[in-house]
Amino acid sequence: MAADSFQERTVYPSYAPDTIDLFAELAPAEQPSVLLIVDEGYDSVAGVIADALGQPWALATSIEDVSSQERRVVVGMFRTAEYAENDLRSLSRLVINTRCVDGDRSRASASSDGDWCDFEYIYSTTSYLRRDIARFLSFVLGLSHHHRSLREKERTTLLSTTYPDVQAALPNLDILSVGADAVEFRVDLLEEQLADGTFAPVPGVDYVGEQLMILRQRTELPIIYTTRCTRENGRFPMEDPELFYKYLFKAIQWGCEFIDVELWLPEELRRELSKKKGNSRIISAFHDFSGNFKWGSAEAESLFQKGVVFGDIVKMIALVHNMQDNYELENFRSKIRTKYNFPYLSGLNMGPAGQLSRTLNRVFTPITHPLLPFTAAPGQLSAAEINGALHTMGLMPRLDIYGVGNFRSATQVTFFEKCFNELSLPHQFIHFERMPQGTLETLLPRSRFGGVHINPPISASAAQVSSLTEAALAIGQVDTVKVCGEGVALGCNATWKGIQATLTRDFVATAYKGRAAFVLAAAESDAAPAIFALKKVGIGPIYTVGFKTVGPLAGGVQPVRAVEDLKSLEHPFVIVSALPSDRSSLVGPLLKHYGASVQESRTRVGKVFVDLGEGPRRSNAMSIAQSLGWTAYDVADVSAWTTVQTFRLLVGQNVPYDFVRLTSG
Ligand SMILES: O=C1C[C@@](O)(C(=O)O)C[C@@H](O)[C@@H]1O
C-alpha cells in the first residue's frame, strides 16, 4: 500500500445493528482442502480436526499419498515423510503444522520456523480440545466474525493482562473479562523459567505458543498479541527488530485475531507482516513517554499517516501531565475522523492527568481489573471505573432494562444485576412475569426505556417497534427490543444467534454445508429460530417432523409426513428438537434410527443434537445422543449463548459464555 493510500481505505458504517445478516455471509463457499503435518503417535488430532470440519480424513506417509486423496479429505502427513517445502505448496492445500504439548515433550516437535506452513496449531489433549479446534479453524478459514462484530460496537475494550504465567489468570478469567471485547496477551511480560532456575531474557517461542494455547482454551474473546519493547514500557529488547518479526509472524500462524506491531519497527518488517497477516488484523502501536508529546503537532499527524499504512487500527498513546492534553487529543481524534474518514484510532493519554481520555476513547480502550497483578500502564482504569466516569459526565445515562417472562426469571434478574454491579453500570433491571397487551406501547415512550427481553417471544407483526432486523422478520418473532437513537425501537431476535453459537461451538460452519437436518416441534413458531440458524450455517435440506413451514423460512424445508418417508430421506447431520416435554419421547427413536446407521465411514460419526425443549423431559434424548457418539447440547447451552447476545444487544457490553453459565447456576 502506498504511503498516502489511507484515503482510499474502506470505511465501515460505524454502527449498524444486525440488519446486515444475510444467509450468504456465513455459508462458506466450499469445504476447505487441508493438509496437516502430524507427529507420529499424535496423528489422532487429524481425526478430531476432520470431525470438526465434518470432512473425511486419511493418513499419508508421502507427498504422493497426499496427492492421491480427494481434495475434501483432510490428510494428516507424518513429519518424517520425505518432502520439500515446494512440494507442500504445489499441493494447493491449506498447510497446518500441528504440535502437541502433552506428555513426553521430547517426542513432540518444536515450533516451526519460516513460512513453509500456513498455520500452526498447538494443542493439548487434556481439556477443551474440540472447542479450541473449532475456534482456530473457523478463524483461519475466515469464518469468524470478530472483526465485524467489533466494528459494529459503539465502544470496545481490551483486557490488558500482565501475567508472567497465564496459568495464574485462569481461575479469575471469566470475571476479569466481563465487559472486555478482547484479551491482550503481553508476550514481553511472560517469564519463562529455565532448567537452572533462572528466567529467559526473552521467553522462547515454544513457551509463548504454549501460554497462548492455555489462554485461548479458556476464553472465547479475540486475542491481541503484543510484544511491547523496552522503550514503550515493555520488556522486549530493541537491538534486533528481526526478533519482533519472528514472534509476530508466529502470532499470525497461530491464528491470533490481532497483532500489535510497533511503529518504530523497520518499514520492511511492517510491510511483510501486513502482506502475510491473512485474517489477523494489525494494530499499529506508538507510545511516547517523553511527557512532551503534542497532539496538535505536525509530528502527531505524520505518525498517524505512517501507522495507517499497514495498520487496520492505529493506536497512539502519550504520557501527559495536563488536562489540556486531553482536549487536544479529542481535537486530534475528530480531525482523524473528518479529514481521513478513519474511525479506528485508539488514542489515549497515560498518567493520572490522562484518565479522561481513557473514558472518551471508543476503540479498544485498555482496561485493568483489581484482580490483575499490576496495571500495564500509568493511569489505566477498570471497566467499572470507566463506566462510572461516563455516567458522571452524562455520557452514559441510566436506563431501565426490562425482562418479561417467567422462565428462568429469577436467574435472569440475578444475572443482569450481577453484571450491572460488576461493571458499575447505572442501569436498572425490571422484571415482569407477563406482558399484557399494550405494555410495550407504554414502555417505549419512557425516557429511560433502554430495551426489553421478552420470553416467550412475541409475534413480529404484533411488536409495536419502529423496525425489525432481517432475522426477526424472517423468523416472525421478536424476543428483544432495543433502542437505537431517540424514539427508535428495533425488534430483534437473539434466540437464533444463541442456537447458531451453539452449533458452531464444536463444529466449523463448513461442516453443515449441504448436509441434512431434522427439526422436530409441535408448531412452526417453536422451531423458527432453529431453522433460521441452520440456514445461516448453510445446511442442506431441512426435514420437519410435527409441523409444516410456511412463509419466509419455507424454502428448502420439507415436512416428513409418514415413517416410510424416512427411508428415502438423506441421513441427518443435525437433529434439533423443540418438542414440548409431553411429546419429547419421539426424539429417542429417531436418534436411534440414525445413530445405528451413521457408519458412513470410520471418520464421520460426529453429528449434532440440540434439545431446545424446556421443562422435565419424557425421554433421555441427550444421553441417547451422547451414547451414539453425537455432540449433544441442551436448552441451558443455547440459553447461555442467547443471554450473551441479549446482553450485548441491550446493554452494549460483552459477557463471556462461561460467566453466564457460572451465574445462572
Ligand atoms: O498499548 C497498550 C496500551 C497501554 O500502554 C495503556 O496505556 O493502557 C497498555 C498496554 O498493555 C497496551 O499494549
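Quick notes on this one:
- Nearest-20 debye value, region 76-169 charge dipole, Cβ charges on Lys, Arg, Asp, Glu: 460
- Normalised convex hull volume, region 153-392, alpha-carbon set, Å³ per residue: 129
- Computed from the alpha carbon positions, the gyration tensor of region 400-493 leads to an equivalent ellipsoid with semi-axes of 21, 15, 12 Å, biggest first.
- Only one residue of Ser577, Met77, Asn279 has its Cα farthest out toward the positive end of the dipole of the chain, where Lys and Arg carry +1 and Asp and Glu -1 on Cβ, and that residue is Ser577.
- For the chain: accessible area per residue (Å², 1.4 Å): 39
- When region 191-322 is reduced to its Cα atoms, the Kirkwood hydrodynamic radius in Å: 15.9
- What the pair-distance distribution of region 164-246 shows, using all Cα-Cα distances binned every 5 Å from zero, is 3, 14, 23, 24, 18, 12, 5, 1, 0 percent.
- Length available on full extension from Ser68 to Lys592: 0.36 nm per residue minus the Cα-Cα distance, which gives 185.1 nm.
- Percentage, to the nearest whole number, of Cα pairs in the chain over 51 Å apart: 12
- Length added when fully stretched, Thr61-Asn331, from 0.36 nm per residue minus Cα-Cα: 91.0 nm
- Bridges between two residues of region 126-240, per DSSP, are antiparallel at a rate of about 10%.
- Evaluated at q = 0.19, 0.21 Å⁻¹, a Debye calculation over the C-alpha positions of region 497-633 (equal weights, vacuum) places log10 I(q)/I(0) at -1.14, -1.44.
- Ser627 paired with Asp43, simple spin-label distance in nm, labels 7 Å along Cα-to-beta-carbon: 3.3
- DSSP bridge orientation in region 400-493 - percent antiparallel, rounded to nearest 5: 45
- Electrostatic dipole magnitude of the chain [Cβ: Lys, Arg +1; Asp, Glu -1; Cα centre; debye, to 20]: 1660
- Set Lys153/Lys315; Lys335/Lys482; Lys277/Lys513; Lys339/Lys482 screened for pairs whose C-alpha atoms are more than 23 Å apart: Lys335/Lys482; Lys277/Lys513; Lys339/Lys482
- Gap separating the Cα centres of region 128-142 and region 306-355, nearest whole Å: 34
- About its Cα centre, the dipole of region 153-392 is roughly 860 debye, where the only charges are +1 on Lys and Arg Cβ and -1 on Asp and Glu Cβ.
- Comparing region 217-268 with the 2.2 N^0.38 Å rule of thumb, its C-alpha radius of gyration ratio is 1.20 (two decimals).
- Cα-based reach from Lys535 at 14 Å (exclusive), listing aspartates and glutamates while leaving out same-chain residues under 8 positions away: Asp21, Glu25, Glu470
- Surface share of carbon and sulfur [accessible, 1.4 angstrom probe, percent] for the chain: 52
- Taking Cβ atoms as reference points and 10 Å as the exclusive limit, the residues near Leu319 contribute a net charge of -2, counting Lys and Arg as +1 and Asp and Glu as -1.
- Between the residues Gly476, Val488, Pro457, the greatest Cα displacement towards the positive end of the dipole of region 400-493, with unit charges on the Cβ of Lys, Arg, Asp and Glu, is found for Pro457.
- Of the residues Ala562, Gly204, Val638, the one whose Cα sits farthest towards the positive end of the charge dipole of the chain is Ala562 (charges of +1 on Lys and Arg Cβ, -1 on Asp and Glu Cβ, taken about the Cα centre).
- Karplus (6.51, -1.76, 1.60) ³J(HN,Hα), θ = phi - 60°, over region 221-226, in Hz, Gly and Pro reported as x: 6, x, 9, 10, 9, 10
- Each of the GluC sites (Glu not before Pro) that DSSP puts in a loop and that has at most 15 other Cβ atoms within 10 Å breaks the chain; the longest unbroken stretch is 240-432.
- Rounded to the nearest angstrom and listed largest first, the equivalent-ellipsoid semi-axes of region 34-127 from its Cα gyration tensor are 20, 16, 12.
The values are calculated or read from the model by the stated rules, or taken from the named source; none is laboratory data. Owing to the predicted nature of the structure, the values given are computational and were not obtained by experimental measurement. All Cβ positions, even for glycine, are placed from backbone atoms using ideal geometry, and neighbour counts span all protein chains on display. For the accessible areas, the whole protein counts, side chains as well, though only heavy atoms, and no ligand, DNA or RNA atoms are used. Shrake-Rupley method; radii C 1.70, N 1.55, O 1.52, S 1.80 Å.
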